[in-house]
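None of the figures in this text is laboratory data; all of them are computed from the coordinates on show. Note that this is a predicted model, so its numbers are computed, not measured. Positions of Cβ are backbone-derived with ideal geometry, glycine not excepted, and every protein chain shown enters the neighbour counts.
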Amino acid sequence: MSGSEIAFPHELIDLLRAACRVTVLTGAGISAESGIPTFRDAMTGLWARFRPEDLATPQAFERDPRLVWEWYSWRRGLVGKAKPNAAHLAVARLECLVREVVVVTQNVDGLHHRAGSSRVIELHGNIMRSRCSREGTVAATWEKPEEGPPQCERCGAYLRPDVVWFGEPLPQAALQEAYDTLSASDLVLSVGTSNVVEPAASMPWAAAAAGVPVAVVNLTMSGQRAGPGIFHLEGRAGAVLPGLLAAAWPEAAP
Ligand code: APR
C-alpha cells in the first residue's frame, strides 16, 4: 500500500500541522527498507545460528571477543552499504515543516544522520564507532587486524563496538535528553519498534499517559498499545511517513 492510499485521521493531521515540537522515536523497523535486518528478523547466513541476545552482551565479548567483533564487522558492512530510505528522509524533511523535530533512536546504524536529521539522540550508541573496552575512549577509525578485535593504541585492551549491550546502562545524558524532549513534545511518532527493550519500550506510552498524542507506525500493531491519544498507522514506514507528510502539507509535497 502506498502512503497516498492510507486514510490518516484528521485529528492526527491537525495535531501534526499545529505541532511546535515533534519527537520521532525509532527502532530497527525504520531501517528495514534500507536492507538492515531487524532484531526480531531471523539473522541470515552464517549468523543464522546466533541470537542477538547471545552476542550483544559484555559476557559474550569476554568469552569470545573475536566472534562478537566479527558479528559487528558483518553488521557494520551491512550498514556501510545501506542508504537512508524514504522513511528516514521523511523524518529529516519534517524539520522543514515543524519548528522542532528531535529523533530518539534505538538504532545504531547512523542512517538518521545520513538522511539529514540534525537532532538525533542515539540511545544505544553507534556501530560505526568503537571504544576501548578498558578506558572507554572512543575511536572512529582503527587498524584492522588479521582477525579479532583491534587493540587500543594507548593501553592495548581490545576495542569494542560503541553500542549499548544487553544488561548495560544507557548513556545517562542521552536518556535524560530523550525524556526531556518527549515531555516537551506536542506529538510523538513511534516508528518501527517492537517496544520490547526498556527503557525505550515504555517511552511512547509514558508520553501518552502524560497527555502527549502518539502515532504508532508499524507493519503490525500486535504488541502496540491502544487508547486515547494513540493513533495506529499500519504499514511500511517508507510508505506511511511520506504519506503522512503529504497529507498534512499537500502544499509542500516534494
Ligand atoms: N516499517 C515499519 N515497521 C517495521 C518495518 C517497516 N518496513 N519492518 C519491521 N517493522 C517493525 C516490526 O514489526 C517490529 O515491530 O519494526 C519492529 C522491529 O522490532 P525489533 O526488531 O524488536 O527492533 P527494535 O524495536 O528496534 O529493538 C529494540 O532491541 O535487540 C535490542 O538493542 C536492540 O535496539 C534494539 C532493541
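A few points about this structure:
- The Rg/Rh ratio for the stretch 172-233, using Cα coordinates for both the radius of gyration and the Kirkwood hydrodynamic radius, is 0.94.
- Against the rule of thumb 2.2 N^0.38 Å, how large the Cα Rg of the chain comes out: 1.04
- When each of the peptides 108-119, 13-24 is scored by how many other beta carbons lie within 10 Å of its residues on average, the order from highest to lowest is 108-119, 13-24.
- Rounded to the nearest 20 debye, the dipole magnitude of the stretch 68-184 is 320 debye, with +1 charges on Lys and Arg beta carbons, -1 on Asp and Glu beta carbons, and the Cα centre as origin.
- Cα-derived Rg to Rh of the stretch 1-135, Kirkwood definition: 1.04
- Volume per residue of the C-alpha convex hull in the stretch 83-207, rounded to whole Å³: 130 Å³
- Longest DSSP-loop-exposure-free segment, GluC sites (Glu not before Pro), the chain, at most 12 other Cβ within 10 Å: 1-134
- Top positive-direction residue, dipole computed over the chain with Cβ charges, set L67, V240, N218: L67
- Choice from A200, A87, A48 with maximal GNM fluctuation in the chain (Cα, 10 Å cutoff): A48
- Taking the inverse of the mean 1/r over every pair of distinct Cα atoms in the stretch 207-254 gives a Kirkwood hydrodynamic radius of 11.8 Å.
- Unit charges at the beta carbon, dipole of the chain: most positive-side option, C96, Q151, H113: Q151
- Value of [θ]222 nm, deg cm²/dmol, for the chain, DSSP H segments ≥ 4, -39500 (n - 2.57) each, nearest 500: -9000 deg cm²/dmol
- Pairwise label distance in nanometres, A201 with A226, each label 7 Å out on the Cα-Cβ vector: 2.1 nm
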